[in-house]
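Every read-out reported here was derived from the displayed coordinates using simple, explicitly stated rules and does not represent laboratory data. Just so it is clear, the model here is predicted, and its values are computed rather than measured. Counting neighbours? That spans all protein chains shown, and the Cβs are built from the backbone with ideal geometry, glycine included.
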Amino acid sequence: MTTTTQRPTDPARTYAEHAAPLWQRLVLTRETAIIALLVAVVLYAMVNVRNFDGPLTLTYLLLDITPILLIALPMTMVIVTGEIDLSVASVVGLSTVLVGILHAGGLSIPVAAVLALLAGAACGALNGFLVAYVGLPSLAVTIGTLALYRGLAVGLLGTKAITEFPDRWTDLATAKIGDTGIPLVMVLVAILAIAFGLLLHFTSFGRGVFDIGLNSEAARFTGVDVARTKLILFTLSGVVSALAGIYYVLRFGSARGDNATGLELQVIAAVLLGGVSIFGGRGRLHGVVAGVLLIGVVGSALRLEGITVNVINIIIGLLLVASVMSPSVLAWISDRTARRNPRASRPTDAPLGVGQKEGRNS
Amino acid sequence: MATAHADAVLELRDVSKSFGQVAALRSGSIRVTPRSIHALVGENGAGKSTLVKIVAGVHRRDGGEMLLEGESVDFHSTAESKARGIAVIYQEPTLFPDLSVTENIFMGRQPLTTGRRIDRSAMYDEAQALFDRLGVHIDPRRPAEGLSIADQQIIEIAKAISLDAKVLIMDEPTAALSGVEVERLFTVARSLRDEGRGLVFISHRFDEVFALCDQITVMRDGQYIDTLTTADTDVDQIVSLMVGREVGDLFPKTAAELGEPVLQVRDLTMTGVFHDISFEVRAGEIVGLAGLVGAGRSEIARAIFGVDRYESGVVTMDGIAIPGHDPRSAIRSGMAFIPEDRRKQGLVTQASVAHNVSAAVRSRLSRWGFLTSGAESRAAGPWAGRLEVKTGALDMDAATMSGGNQQKVVIAKWLATDPRLLIIDEPTRGIDVGTKAEVHRLLSQLAGEGMAILMISSELPEVLGMADRVLVVCEGRLTADIPRAEATPENVMRAATRTTEGVR
Amino acid sequence: MSETSTRPASSPPEHAHEEIRLVAPSRQSPAVRAFNTVVRSREMSILLVLVLLVAAATAKNPSFLFSGNGWRDLLLTPSILLLLAAGQAVVIITRNVDLSVGSVLAVTAYLTGRLFIDFPGIPIVVVALAGLAVGGVLGLVNGLLVSLGRVPALVITLGTMYIYRGLVLTWAGSDRINASDLPRGFLRLGTQSVLGIPVLFVVAVVVVAAVGYYLHAHRGGRELYAIGSDPDAAVLYGLPVRRRVLAAFVLSGALAGLAGVVHAARYGTVSSGAGTGIELEAVAAVVIGGVAIFGGSGTVWGAAIGAMLLVTIDRALPILGIPDFWQRAVVGVLIISAIVLDRVLSARRTRKLIEAREQS
Amino acid sequence: ACGNDAEGAGGEGGDGDVTITMLPKNLGNPYFDTSTAGAEEAAEEVGASLQEVGPQEASPDAQVQYINTAAQQGASALVVSANDPTAICDALNEARDAGTQVVTFDSDTEADCRDLFVNQATAEGIAKVQIDLIADQIGDAGEIAILSASANATNQNAWIEMMEAELEANHPDIELVDVVYGDDDDQTSFDKTAALLQSHPDLKGIISPTTVGIAAAARYLSESDKKGKVALTGLGTPNQMREYVENGTVEAFALWNPEDLGYLAAMAANALAAGEIEGEPGDTFEAGRLGEYTVEDDGSVLLGDPFVFNADNIADFDF
Ligand SMILES: Nc1ncnc2c1ncn2[C@@H]1O[C@H](COP(=O)(O)OP(=O)(O)OP(=O)(O)O)[C@@H](O)[C@H]1O
Ligand SMILES: Nc1ncnc2c1ncn2[C@@H]1O[C@H](COP(=O)(O)OP(=O)(O)OP(=O)(O)O)[C@@H](O)[C@H]1O
Ligand SMILES: [Mg+2]
Ligand SMILES: [Mg+2]
């Protein structure tokens, strides 16, 4: 039942739902590979890295990756549509600055936070508008807004760093659930993760997101509102980035223009490591979560070994390259063996991918 | 004239090729002699394009033999086959939109001045010469972007003949061409033959095959069936060889009694594209939209369905005006639109059959806002079955299907929405007679069930055979509205070309 | 509705002129054509912005242009970005991108220092060549991964950006090259002028001109455009896609390597953090310069002017009285308006082409 | 699981020897390179084990991760130069709860989140010496500007305040026209210097209270036609500045000995870890070759006065 027959077939034809048995579809995936790798690394660290099994490890690990994890959720959907958002870290910076200034201006933290979220939404919406309705390539647009939003953050706060925040709130950011050592903020993260997971994989909106990534013109002909979908996704990306910014302020108790500089690359690295295709149309959220955790665990273990930023950089880089190389290497091998169709398995023949459909026509 | 005994310039023996578990080509054989035009015919998915791509070096064969002028060859890249004097026109035009048409033709082999600088003016002159030979008026310096499909095909042809190759292979070059352009192409092809080259011509239009070719090789299901000399065979024999069974009437049109107007279009206008388009389609009626390629028929259809915007005019379904530039409300109002380019517009080829077939009805399938792939498959299965889509399982990618099968998937997808109006653009472009008859039967059956159908087609026989009423578009304007009884090839063509005397 | 027949309304003259320029350039005289390709080009529009900017800054403070330093810095400061932009432009024209240039720059900048320290009296030329070579090798790695591995350049070079940076951090550690470690001659190169034009600027311009000429007038160059314009078609066409893409990355790497040497000469001190974040500036310069981010169109001259503009803005703002904290914001606005402009122009072009088609 | 026992100072495997983590503002900075060298020397002498870790850019959030790590490792002492006085406080306090002694040096945090601050010199002292230097280089009159490190560097900002006060009080004819920030990055500092000279044509002098900044500024100045017309001073290391002092771009600049600073910080850390001192005012401890030091009222230990380098003495130093 797993082979296509070219025979002319009898009219009343029925089909198998799947070409491959269940276990294959579950086990032979990028996501499973990443999760397996994650588990392996954790086990290895448990045994070989001093203090990795300590109670503080989990807490700090989760606290550290929270911003990346948060932003990775909308970023995944953005990349699945074949677009990309490089401005997220700048939005984080901007929102920390806003919270700082507004709070210093006498507003309560919740009010300041809400305003910051609105600002984040605005930033995201601007990206979305330029990409979806003006039809600009998101890579270029968000390189621009990366500079713009960071510039606003630095410009607004100038030399100062606002560091006066009520302990009540700063403590909340690092509070733990009971004595589990798991940060309270993880509840929020979990809720959002589930929400995004359902949205992407179990709604027709999510199906539309994948269609856009694979063939946005066909999606349009099928009644998917491509522009609106992208606007929504970029706006989500802005809001969640602002949320991460609020967390940033509260955790570090300091609002600075240069907060979270360079975070966007870590997020994208994690998302791609999680098995999302930069060309769009492919990826699953649980893989992304695993990717973020993997980067966090590796970093934490290496730091415990007293290894500093440079080696960690190298390893993140290697992970990233390996993660994207692996499928094409496999394809290349089966290419050699089964002499597969080159064009079927050749990403580089496809354009750089980031929103190229919009980039070309429309 | 060619004789089958002359030694072949290109010969394939039992060549095979599989993509994963899909056996695209089982035993492809063909023997092309110089001074002859050799037709390659077969149903969709018979393996014609695959065979072509193996000769071109796009794919590498898994087995079998390929002889070029008697010596065995195995191309790793299209560059190699080119270097050996094989020119190919692929089924889909492959142009570089940002570059001038001239650069598209001479890329990689531009004439050089001393100092290896490209000699642009010489290049443009050569291009001009080519176009003159093809009798077309395309400015050699204009960008390829914005060319009509027909002109793109012309550029491909110019590209191929400029190579002055020993073997010229054309994979459905005429699919997008109007009669005039086809004739010009044939003239060139014949002169190339008489220069002593071997040509391979792939087409689903038998009139063309018989008008042009010396031999005909028939393929079915990736297998070589037979090679006949055109002189001593006829359409019926070819068809039965191709299909392996008897096909019934090609245009099984049953007269349906017309109901209320379903679609009404009033003064639809988009500057530079179409102007003052007004017509209506009644329940049970098949309205044919005829005209030359590039007349703007597809554009009109796209505007009605809402994928393109229009400046002024009204579109109403069952008397209710629907907002412009909004496919969703068009679908909600009961419209379905099967576009002309199924790979780019009709399907998400890298998605599964189930995903594609259920794409237009997803929102209805979701429960409490949630959608599962199980629900998709359950909805898709019956429709795929009704259209006899050839696929192993519902989660196979549509990419692995041949044109005909992909078209069936697109039709299934739209029938699943249970539409009141079906707009179908080039329903049988690049589709074999077998499937063609099926599609036509389906259309008239749907009309019989009271569905309103707007059918765009560049094939006159199809329009005349299927339509209750023929609307003719010329340069973005309706130039005729002819009832079935009075429609003849002559009056339709006259309306289609009325204002185009002198232009091309 | 019976037979209606009217000819399409003939289009207004200037519209027709526009149309000829697009679909029938041959009907124009070569002079007009040359005028159109050069004067009506994107390059010109940015050049105009640049000139206006310099004019404004000079009006505000004459020393911006009319002091020895002012003139020198105007040309000297962009030199590094010019080199990077030239390489980046070539890569982007092939519908790829190279984010690793900043890290490559750091590697060769530090290498430069080490060479002068470890081999006293080593000729400057040798050092420059070493920079080119090492950069080229690092670029080759990118190219191999991208073209043979069939992996998106954005991801690969993002990865190698981390890796190369990590390498130089490991190599240099906290060590840093100081001016006193570098030979006077080399340092002087950083500011020397011939006929009032800084040497480093001359180097950059020569590179840009050479690359631009190759892209415009040689087969290889045109093939780069073809590949970027439609990679699938390029494969079917039988163009040496992999080789060309590989070459593009090697070039980008080599130029980044050269930029590293220039960086050392100009700033006289090198730390492992050199060139952090400059990769985005390079991409921005290219985009501002009118190279389509998805390849196939644009010129290296455009990218070069974009680089000049980007750097000059940075220097002009304080003079125009905008506090330097706002510089990045302004740069952001600039990038966005540049691509919006491009979109508007190309949309207009496409629409005209379509209309022209419908009217023929 | 040893990180958790609260009084487990240096409790790794319970073998009681002192482990010190050195956390500078960032890596790749020769100033901290030197101070770490001093710290290693001290650790050597007292038989403590010392490791240096640090982020790439001088930002607090990056520093926090390394503070956390130290806490996880249950290091007995953490010697840190703060990128932000408050941002890293929570992390430091968590580390202290985990039994790690926290010593700040070079750049302090809030007093309540460290056990001890090893002060290179009083802010007043540092501000005064630089003002005095520039004053006598420009003849106590004219426009000056400051090229600082990052906009939120605690110590630089403190010094700048002091300098402004000092100018108010004792140098009425000197006008501070601009403060720009080079983020302790060569290129930025370099370009900012260019911009300064550009936008303030009659600038007389530049003070750069950061080693990276002064070197970059000197580099630009030495090649510009303002060389000799615009005075430059501030805080720099002899090795970076030698070139420019010798070619006359810079007359004199100041700095304490970062090696001694690191040495003292490590000694203090060891004393705390070993329980010799509590970090209470009045505590005294023996700091190897530097002799005995006493904890002052604000819980800080003062290294001494800054030292002025010039053409005559610069040859005697190598750091
Ligand atoms: N890239 C591919 N991957 C997998 N299967 C493929 C691929 N290309 C073609 N096939 C399979 O090979 C078979 C033959 O395809 P091919 O395009 O050669 O048919 P064809 O005769 O050209 O049909 P048409 O007349 O519609 O062009 C098809 O059934 C298709 O399923
Ligand atoms: N990107 C470019 N950079 C510099 N010069 C250019 C560029 N593009 C075109 N030109 C110059 O403009 C003139 C016309 O441009 P183009 O390349 O279109 O020439 P053409 O249209 O091929 O016509 P001709 O063959 O008469 O030059 C040529 O002289 C060419 O050198
Ligand atoms: Mg085919
Ligand atoms: Mg059409």
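Looking only at A:T308, A:T59, A:T163, which one moves most when chain A is put into a Gaussian network model with springs between Cα atoms under 10 Å? With Cα springs under 10 Å in chain A, the top fluctuation among A:T308, A:T59, A:T163 is at A:T308.
What value, in deg cm²/dmol to 500, does the helix sum -39500 (n - 2.57) over DSSP H runs of n ≥ 4 give at 222 nm once divided by the residues of chain B?
Numbers: 17 runs with 166 residues, N = 504.
Helices in chain B give a 222 nm mean residue ellipticity of -9500 deg cm²/dmol.
The length gained by stretching the chain between A:V111 and A:K176 to full extension, at 0.36 nm per residue less their Cα-Cα distance, is 21.0 nm.
Take each peptide in B:72-82, D:173-183, C:28-38, count the other Cβ atoms within 10 Å of every residue, and average; sorted highest first, the result is D:173-183, B:72-82, C:28-38.
When A:F210, B:F370 are sorted by how many other C-beta atoms sit within 10 angstrom of their C-beta, beginning with the fewest, the order is B:F370, A:F210. As a length-normalised measure over Cα pairs under 8 Å and 6 or more apart, the relative contact order of chain C settles at 32 percent.
Relative contact order, percent, of segment B:10-160 when contacts are C-alpha pairs under 8 Å separated by at least 6 residues?
Values: 206 pairs, mean separation 29.7, N = 151.
Relative contact order for segment B:10-160 comes out at 20 percent.
From its DSSP helices (H runs of at least four residues, each -39,500 (n - 2.57)), chain A gives a residue-normalised ellipticity at 222 nm of -22500 deg cm²/dmol. From its DSSP helices (H runs of at least four residues, each -39,500 (n - 2.57)), chain D gives a residue-normalised ellipticity at 222 nm of -12500 deg cm²/dmol.
Rounded to the nearest 0.05, the FRET efficiency derived from the C-beta distance between A:A195 and A:L265 at R0 = 30 Å is 0.75.
Reducing segment B:400-471 and segment D:153-182 to their Cα centroids gives an inter-centroid distance of 82 Å. Kindly flag which residue pairs out of B:K53/C:K352; B:K159/B:K344; A:K160/D:K227 have an alpha-carbon separation exceeding 30 Å in this structure. Flagged as over cut-off: B:K53/C:K352; A:K160/D:K227.
Among B:T428, D:T294, rank each residue by its count of other Cβ atoms within 10 Å, from fewest to most, as a rough exposure measure.
Details: B:T428 24, D:T294 12.
By the 10 Å Cβ count, ascending, the order reads D:T294, B:T428.
Taken one residue at a time, the phi angles of segment C:206-217 give Karplus couplings (6.51, -1.76, 1.60, θ = phi - 60°) of 4, 4, 4, 4, 4, 4, x, 5, 4, 4, 7, 10 Hz. Gly and Pro are set to x.
Listed by chain and number, the aspartates and glutamates placed with their C-alpha closer than 19 angstrom to that of C:K60 are C:D73, C:D314, C:D324, D:D178, D:D202; residues fewer than eight positions away on the same chain are left out.
How high is the relative contact order of chain A, in percent, counting Cα pairs under 8 Å that sit 6 or more residues apart?
This gives 32 percent for chain A.
Sort A:V78, A:V154, A:V27 by Cβ crowding within 10 Å, fewest neighbours at the top. Show your work: numbers first, answer last.
On the way: A:V78 31, A:V154 26, A:V27 10.
Least to most surrounded, the residues fall as A:V27, A:V154, A:V78.
Peptide D:195-206 has a mean shielding of 4, counted as Cβ atoms of other protein chains within 10 Å of each residue's Cβ. Go ahead and collect, in residue order, the members of segment C:179-201 whose backbone nitrogen is under 20 Å from a label point 7 Å along the Cα-Cβ direction of C:L65. C:195-198, C:201, by backbone N distance to the label point. Rounded to the nearest 20 debye, the dipole size of chain D about its Cα centre is 960 debye, using +1 on the Cβ of Lys and Arg and -1 on the Cβ of Asp and Glu. By the rule of a C-alpha distance below 15 Å, with chain neighbours fewer than 8 residues away ignored, the aspartates and glutamates paired with B:K408 are B:E43, B:E340, B:D341, B:E388, B:D397, B:D425, B:E426, B:D432, B:E438.
What distance in nm separates the simple spin-label points at C:Q28 and B:A211, each placed 7 Å from Cα in the Cβ direction? Going from the C:Q28 label point to the B:A211 one covers 3.9 nm. On the basis of the beta-carbon distance and an R0 of 25 Å, A:V39 and C:L148 show a calculated FRET efficiency of 0.20. All other residues whose Cβ lies under 11 angstrom from that of A:H18 are scored, Lys and Arg at +1 and Asp and Glu at -1, for a net of -1. If you find the alpha carbon centre of segment B:276-291 and of segment D:235-277, how far apart are they in angstrom? Taking the Cα centre of segment D:235-277 as reference, the centre of segment B:276-291 is 89 Å away. The charge dipole of chain C, taken about its Cα centre with unit charges on the Cβ atoms of Lys, Arg (+1), Asp and Glu (-1) only, comes to about 400 debye.
Given the Cα-Cα distance of B:R328 and B:A255 and 0.36 nm per residue of separation, how much length would full extension add, in nm? Spell out each step's value before the answer.
Details: separation 73, 0.36 × 73 = 26.28 nm, distance 3.19 nm.
Contour length minus the Cα-Cα distance gives 23.1 nm.
Could you give the distance between the Cα centres of segment A:61-137 and segment C:37-56, to the whole Å? So the separation of the two Cα centres works out to 35 Å.
If r is the Cβ-Cβ distance from B:E490 to B:R13 and R0 is 41 Å, what FRET efficiency results, to the nearest 0.05? Please list the in-between numbers first.
Details: r = 47 Å, r/R0 = 1.15.
With a Förster radius of 41 Å, E is 0.30.
Here the spin labels are modelled as points 7 Å beyond Cα on the Cα-Cβ line, and at B:R364 and B:D234 they lie 4.7 nm apart. Model label points for B:D74 and B:L163, set 7 angstrom from Cα along the Cα-to-Cβ axis, are 2.2 nm apart.
Please quote Rg/Rh for segment B:351-418 to two decimal places, taking the Kirkwood radius as Rh and restricting both calculations to Cα atoms.
Numbers: Rg = 11.1 Å, Rh = 11.7 Å.
Value, to two decimals: 0.96.
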